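Comments concern the structure below.
The values are calculated or read from the model by the stated rules, or taken from the named source; none is laboratory data. Here the structure is a predicted model, which means the values were calculated and not measured. Here the Cβ is made from the backbone with ideal geometry for all residues, glycine too, and neighbour counts use every protein chain on show.
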Amino acid sequence: MRLSSLFMPTLKENPADAQVTSHRLMLRAGLIRQTSAGIYIWLPMGLRVLRKIEQIVREEQDRAGAQEILMPTIQPAELWQESGRYEAYGKEMLRITDRHDREMLYGPTNEEMVTDLFRSNIKSYKDLPLMLYHIQWKFRDEIRPRFGIMRGREFLMKDNYSFDLNEEAGRISYNKMYVAYLRTFARLGLVAIPVRADTGAIGGDLSHEFQILAETGESTLYYDKAIEDFDLASLTGDIDADTIEKLQNLYAMEEEKHDADNCPVAPENLRRAKGIEVGHIFFFGTKYSESMNARVTGPDGNLVPVEMGSYGVGVSRLVGALIEANHDENGIIWPEVVAPYKVGLINLRIKDEACTAACGDIYQRLTDKSVDVLYDDRDMGAGGKFADMDLSGLPWQLIVGPRGLKNGLVELKNRATGDRQELTLEDAINMLGA
Ligand code: ATP
Ligand code: MG
């Protein structure tokens, strides 16, 4: 992509209404624009990141054996009346009336709809276990939308639903998702602490929230520092049952549920930190299958309500969370796996024939190697180009100027470390194309 034609409206000044770094940088770097409170347009640079995160989330869902579907955003009210949540959900639910006066709603989540899908199509335990997920926009009329897309009203979520014959099988599905989440966040280079979100009572619900540590987080957590030894951000390989069990047995709790007097962790081993919730997994048994009558015949021929869990990832919130975890005073620092482009190619002098020819050549050859390159071909001063490239956070900057080029050299800058090296054009292409 050539920067001269890219729609990337950047801002020099910090927007006054943005309180947290990620919101400021997303506006300044031209990733999003607000259309009304908590509702945003995703611009090209933001959308590319969103899509890359979505794809990593998808791959780990698929790997865990879940099947992707796509449920609609608009749902009929009847399903929610059946489960009893139509009234209970309150003002966070956006209610809509169609032209025939039928009550509809913009889905804040999909338990009811997926339970309905299940009960009309699955009748036997032989079709279990089953996990169905989708990645779809949700609407929740949050009382205080804030921090940009991190607490929006319209937001993109991956939500998965598991169906099993009995509780034991349900817990196996739950642990599959637990592992999928560890892997997903590790692939994104994030430390996401699995925090116990239920009461811990035997036979009750089972639930974990995945929290990224960040100063600007809305929740406060307490956790055993032994969790840090798991090196969560590097846990991308196979994760065995032993590791899961050890991790699940370590203490991590939100402030509201933390009881200082009865905490099992010695004070010197207890960490307190702010967190951003990026995922939530939940095994709730027969809550919806009872009320909505979703039953299957078991091996003994008896009808039993199906055991269910639901598993959410805040895909759009992750864009903000990633920026909170990866930035400096000059802008965003994207991890390579989600960067909108891998390389920012900076032509220091467009009017210099040699520079522009070399850049054209580099651009073509990297593109041929399937490397995503953003080529700054604008006719403007070097200072502004460097500032924009730092702001937009591409992992590599390849700088081409007339002086170096006379000796066949270009400069490669690593955005994260700030390291710069001079190398030949050939070496640069080989390195970036590897
Ligand atoms: P929160 O406590 O932040 O309101 P929640 O418990 O309501 O979250 P879930 O219903 O579990 O969230 O939704 C799954 C995931 O969707 C959350 O872990 C979060 O990452 C994301 N999410 C929830 N609400 C929002 C929102 N308003 N804007 C962006 N992402 C959200
Ligand atoms: Mg909420």
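Restricting to the stretch 149-190, count the residues that are closer than 26 Å to Val337 by Cβ, away from ligand 2 (no atom under 16 Å from the Cβ) and either in a helix (DSSP H, G or I) or at pLDDT below 95 (or both). Lay out the reasoning, then the answer.
Filtering the stretch 149-190 for residues closer than 26 Å to Val337 by Cβ gives 149-152, 154-160, 175-190.
Still in the running and away from ligand 2 (no atom under 16 Å from the Cβ): 160, 175-190.
Okay, now just the ones that are also either in a helix (DSSP H, G or I) or at pLDDT below 95 (or both), so 175-187.
Counting residues in the stretch 149-190 that are closer than 26 Å to Val337 by Cβ, away from ligand 2 (no atom under 16 Å from the Cβ) and either in a helix (DSSP H, G or I) or at pLDDT below 95 (or both) gives 13.
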Taking the criterion of being away from ligand 1 (no atom under 12 Å from the Cβ), in contact with a strand residue (DSSP E or B) (Cβ under 6 Å, 6 or more places away or on another chain) and more than 30 Å from Ile323 (Cα to Cα), would at least one residue in the stretch 78-86 satisfy it? no
Of everything in the stretch 87-99 that's within 14 Å of ligand 1 (Cβ to nearest atom) and either assigned to a loop (DSSP other than H, G, I, E, B) or not assigned by TED's automatic domain parsing to the domain that holds Met113 (or both), which residue is surrounded by the most Cβ atoms within 10 Å (Cβ to Cβ)? Met93
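Going by what's in this entry, would Arg349 be described as surrounded by 14 or more Cβ atoms within 10 Å (Cβ to Cβ), away from ligand 1 (no atom under 16 Å from the Cβ), in contact (Cβ under 8 Å) with a residue 24 or more places away in the chain and not in a helix (DSSP H, G or I)?
Details: surrounded by 14 or more Cβ atoms within 10 Å (Cβ to Cβ): yes; away from ligand 1 (no atom under 16 Å from the Cβ): yes; in contact (Cβ under 8 Å) with a residue 24 or more places away in the chain: yes; not in a helix (DSSP H, G or I): yes.
For Arg349, the condition - surrounded by 14 or more Cβ atoms within 10 Å (Cβ to Cβ), away from ligand 1 (no atom under 16 Å from the Cβ), in contact (Cβ under 8 Å) with a residue 24 or more places away in the chain and not in a helix (DSSP H, G or I) - is met.
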Failed condition for Leu105, given (1) within 15 Å of ligand 2 (Cβ to nearest atom); (2) more than 30 Å from Ile172 (Cβ to Cβ); (3) surrounded by 14 or more Cβ atoms within 10 Å (Cβ to Cβ), with all others met? (1)
Among (1) over 29 Å from the mean Cα position of the chain (by Cα); (2) buried (at least 20 other Cβ atoms within 10 Å of the Cβ); (3) closer than 21 Å to Met8 by Cβ, where does Ile332 come up short? (1)
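Go through the residues of the stretch 312-330 one by one and say whether even a single one is in a loop (DSSP other than H, G, I, E, B), away from ligand 1 (no atom under 16 Å from the Cβ) and closer than 16 Å to Ala169 by Cα. Steps first, answer last, please.
Looking only at the stretch 312-330, we keep the residues that are in a loop (DSSP other than H, G, I, E, B), and these are 326, 329-330.
Filter once more, keeping what is away from ligand 1 (no atom under 16 Å from the Cβ): 326, 329-330.
After this cut, where a residue has to be closer than 16 Å to Ala169 by Cα as well, the list is none.
The answer is no; no qualifying residue exists.
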Subset of the stretch 225-246 (residues that are free of Cβ contacts under 8 Å to residues at least 60 places away in the same chain and buried (at least 17 other Cβ atoms within 10 Å of the Cβ)): Ile227, Phe230, Leu232, Leu235
